[in-house]
Ligand SMILES: NC(=O)c1ccc[n+]([C@@H]2O[C@H](COP(=O)([O-])OP(=O)(O)OC[C@H]3O[C@@H](n4cnc5c(N)ncnc54)[C@H](OP(=O)(O)O)[C@@H]3O)[C@@H](O)[C@H]2O)c1
């Protein structure tokens, strides 16, 4: 249950080795969170993440979770909730893909969609059901500014985030009155593993800044969080630009 300060006591991180997910988990554990479930593909990075959070004082359990294996999601998430209430589910898995390669290889594009969108559908719905049953808790979904308007250089990834974002918004509406809620997080360019080697976009941010924004958004009860916050205003302008103008502006 949330403590008197409204801080989550328990976390399920879907995408247990995500830089943004871990930056958030570290902040939460330093503040108050005691039980952490890391769900991800078994790897040295996942084990290291569990060790680090344990050293910070959390009771950590690791669960094998493949976002592409949608048939298993209800079972994995069900097992986590069976261990005790979960105050916060953070959906942080995702792949960027390789746009030009994936355009030439449709099945590679499908693999990106399978993880980001289909994996998001099954795990977000299973999490929302469990939160509804519990009657409290938040599902935080890492969407992206890339889902707001399609860009030539990342429209496959962007389309998967647009779908995930729409799903999360609707889920949030469906949970109203249940005690549980959804918060959609739309970061812009985040410096880190996913964007390594790419030219930096304007208003670039960091995993730590996204973590801060997630915690602030949770405290405020926000439905949508942009990171950095200025992106909300930038995108409200860009959203309405005629397509040819947007195309020229977003060309790199
Ligand atoms: N970085 C950015 O610029 C940016 C901007 C906006 C939104 N986002 C979104 O924020 C989220 C977190 O990104 P990040 O920056 O933390 O990137 P990251 O460090 O690369 O984390 C991505 C995570 O997704 C996991 N993942 C990938 N495929 C998976 C699969 N089939 N099954 C289970 N887990 C899988 C990875 O696990 P493995 O270790 O097993 O690969 C890793 O934990 C993603 O949804 C991303 O799309 C990122």
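A short reminder: the numbers here are calculations on the coordinates, not readings from a lab. Keep in mind the model is a prediction, meaning the values are calculated, not measured. Methodologically, a virtual Cβ is constructed for each residue, glycine included, from the backbone with ideal geometry; neighbour enumeration extends over all protein chains shown.
For the reader, a short list of remarks on this structure follows.
- 0 to 90° range, to nearest 10: angle between helix 119-134 axis and the chain longest Cα axis: 40 degrees
- GNM on the chain, alpha-carbon springs under 10 angstrom: the most fluctuating residue among 151, 34, 193 is 193.
- Considering only beta bridges that DSSP places wholly inside the chain, some 0 percent are antiparallel.
- Pairwise alpha-carbon distances in the stretch 10-250 exceed 25 Å for 39% of all pairs.
- Counting only alpha carbon atoms, the long axis of helix 207-220 and the longest principal axis of the chain meet at about 60°.
- Extending 7 Å from Cα along the Cβ direction at residue 34 and again at residue 176 yields two label points whose distance is 3.5 nm.
- Translational diffusion coefficient (Stokes-Einstein; Kirkwood radius from C-alpha pairs) of the stretch 48-102 at 10 °C, 1.306 mPa s, in µm²/s: 115 µm²/s
- The chain: relative contact order as a whole-number percent, Cα under 8 Å and 6+ apart: 17 percent
- For the stretch 1-149, the spread of Cα positions along the three principal axes, ordered from largest to smallest, is 52, 32, 29 Å.
- Evaluated at q = 0.15, 0.17, 0.24 Å⁻¹, a Debye calculation over the C-alpha positions of the stretch 1-83 (equal weights, vacuum) places log10 I(q)/I(0) at -0.50, -0.64, -1.16.
- Only alpha carbons enter this Debye calculation for the stretch 160-252, each as an equal point scatterer, and the log10 of I(q)/I(0) it gives at q = 0.11, 0.13, 0.20 Å⁻¹ is -0.40, -0.55, -1.14.
- FRET efficiency, residue 222 to residue 104 (Cβ-Cβ, R0 45 Å, nearest 0.05): 0.70
- Per-pair calculated FRET efficiency, R0 = 51 Å: residue 240 and residue 47 via Cβ, rounded to 0.05: 0.60
- Based on DSSP H segments of at least four residues, each scored -39500 (n - 2.57), the chain has a per-residue ellipticity at 222 nm of -14000 deg cm²/dmol.
- For the stretch 105-204, the Kirkwood hydrodynamic radius comes to 14.5 Å, computed from all pairs of different C-alpha atoms.
- Distance distribution note for the stretch 96-139: the fraction of Cα pairs above 12 angstrom is 63%.
- Mean Cβ count within 10 Å, highest first, over the residues of peptides 106-115, 81-90: 81-90, 106-115
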